[in-house]
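What follows draws every value from the coordinates through simple rules; no lab data is involved. These figures come from a predicted structure and were not determined experimentally.
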Amino acid sequence: MTFIYLTLGCLLLVASSLLLRHASSASRWLSLLVFCIATACFIAVYGNIAGVFIAVPAALLIGLLTAFLLGKKPQN
């Protein structure tokens, strides 16, 4: 069950980062909702304090990875 929660949490963090790439207000709110669900998955595995300490850096790293991989190329 732990593996399922961790996998689901990581996939939801990636989905949250991808939703932030769109400029619409709805996608930003949906991204926040998906991020909260991902945090709940980590909290279910690691407990309240550890879940927050795991989810925040993971979201930042996934966001950076998404920005590097799917970011727009600079125009010259």
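Is it possible to state the helix-based mean residue ellipticity at 222 nm for the chain, with each DSSP H run of 4+ residues giving -39500 (n - 2.57), the sum divided by total residues, to the nearest 500 deg cm²/dmol? What is it? Each step should come with its number before you reach the end.
Values: 3 runs with 63 residues, N = 76.
After summing the helix terms and dividing by residue count, I get -28500 deg cm²/dmol.
Taking Cα atoms only, the orientation of helix 48-70 departs from the longest principal axis of the chain by about 20 degrees. Taking the C-alpha atoms only, the angle from helix 25-46 to the longest principal axis of the chain is near 30 degrees.
To the nearest ten degrees, helix 2-19 and the longest principal axis of the Cα atoms of the chain are 20 degrees apart. Note on P(r) over Cα pairs in 10 Å bins from 0, in percent: of the candidates (i) 20, 52, 24, 4; (ii) 17, 43, 28, 9, 3; (iii) 21, 47, 24, 7, 1, the value calculated from this structure sits at (iii).
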